[in-house]
1. For the stretch 87-174, state which GluC sites (Glu not before Pro) are in a DSSP loop and have at most 13 other beta carbons lying within 10 Å of their beta carbon.
2. What is the dipole size for the chain, taken about its Cα centre, with +1 at each Lys and Arg Cβ and -1 at each Asp and Glu Cβ, in debye to the nearest 20?
3. May I ask for log10 I(q)/I(0) of the chain at q = 0.06, 0.08, 0.14 Å⁻¹, from a Debye sum over the Cα atoms as equal point scatterers with solvent left out?
4. To one decimal place, what Kirkwood hydrodynamic radius in Å is obtained for the stretch 251-352 from all pairs of distinct Cα atoms?
5. So how do HIS158, HIS271, HIS259 line up by other beta-carbon neighbours within 10 Å, fewest first?
6. What does the stretch 229-410 give for Rg and for Dmax, in Å, if only its C-alpha atoms count?
7. How high is the relative contact order of the chain? Use alpha-carbon pairs under 8 Å, at least six apart in sequence, and give a whole percent.
8. Go through GLY41, MET204, VAL170 and say which Cα lies farthest out towards the positive end of the charge dipole of the stretch 6-221; charges sit on Cβ, +1 for Lys and Arg, -1 for Asp and Glu.
Amino acid sequence: MKRLSLLLFCIFCVSNTPLAAADEGRDIDAGFGEWKVLFDGKTTAGWQNAKPKRQAGGKNLWAVEDGSLANIRGGVNDICTVDEFTDYELEIEYKIPAKGNSGVYLRGTCEVQIFDSFGKADKDLSKADAGAIYGVGYVALKNAQKKPGEWNKYRILHVGHRITVWHNGVLIQDNVFQDQFTGSAMVVYPRTQRKLTADKGPIMLQGDHGKVWYRNIRIRPLCTAKGWTPLWNGKDLSEFTAKNDRRAKKGLLWAVEDHAFTNTSAGGGGHDIWTKASFGNFLVMYQYRAEPKIHGGNSGFYLRDQWEIQIHGPRGGGKRESKHGDGALYSYFPPARLSNNGKNRWNTMCVKLVDNKITVWQNGILIHDNTTVPSRTDNHRVKPPVFSKKPFKLQGDHGKVWFTNMKILPLPDSK
């Protein structure tokens, strides 16, 4: 398994110490995507004037200052990456002076606001404060902005049209759905004059407001390499079946809701669903949210219809999960670390299955490492073969659960 080595991590951090002590041990398998450094700390290579026909006479008035990427003064041009991206994880650090104002534009079209909101109470935050999806109503859940002149960090997960943001390690946007342009977005990609959509574009940094500095900028394209395909089409449930469950004789008791899909009848009145397609070895990514007030938020994601990755309302209070708790390989192995985002929050799972060895990352944190489960998790008397091809099962006869952004990369079959 390819993982980011300690050596490369240290090389990356020599000149600029990142703020992410809480992010250690987070790296997922390279098959999901590999990190790319967007700013080398020495030059502005890889960046361009984002709006050359409208700003700074087409010039790029940004420079390297003490190892940081900075506009030479406030009120100059915005800049964007030469490369464009679809789905990704982005890490970026920034610093602003008192009353500072800037923004990180995802795909060049959607702004995560940067603003001097230090000291403002959470209840008083607005759609123009730090961490907001600017202007569209997604106010930051908490105010994590540091004092003017101190470095801050955004970690951003952008998959499909859903956005999750951590600000200095604090979750402030919870997988919100945003497919519209925000104010001052790019209209065209400058190299080709291609009209931008909300599906693909560069990373843009706002420089036409106040003075701002950026550093430690890197991106990991997620599940975009050749071979990755959606497990859910994002529109309907035509790729799933209830098999012969009598409870679904009039149709699936699952439905598309708020750009996700969910079981419409929980508990004994509900039923499980399976993918119509079967899979052997694979990498798979999915996002889920459970409602703990309905049967504890109890559900599960079954690999090859035999090994359950448990979904459950988290225990909270910093307590370790049990072998029946959220993220467990049900009835056998609890998650190695606490990694759930909290009650009623979305979680992102990355799973690798080769033969009967299971590796799981929850929200980027390794919780099962090449683990072998000796039997079915729901019937310890049945020992599955080392390799087989079977569908995924999503449990719907217990608690209320939502799924979205499901993608898979089939790996070579075992002999």
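1. On the way: sites: GLU89, GLU91, GLU93, GLU111, GLU150; in loops: GLU150.
Passing both the DSSP loop test and the Cβ count: GLU150.
2. Values: 59 positive and 41 negative charges, 101 e Å.
Roughly 480 debye, rounded to the nearest 20.
3. For the requested q values the scattering log ratios are -0.26, -0.46, -1.26.
4. On the way: mean 1/r = 0.0687 Å⁻¹.
Value: 14.6 Å, from the Cα pair sum.
5. On the way: HIS158 23, HIS271 19, HIS259 16.
Least crowded to most crowded, the residues run HIS259, HIS271, HIS158.
6. 15.1, 43
7. Details: 1085 pairs, mean separation 69.5, N = 415.
Value for the chain: 17 percent.
8. It is MET204.
Where a number appears in this text, it was derived from the coordinates with a stated rule and is not lab data. Just so we're clear, the structure is a prediction, and the values are computed from it rather than from any experiment. Don't worry about glycine lacking a Cβ; one is built from the backbone with ideal geometry, like all the others, and counts go over all protein chains shown.
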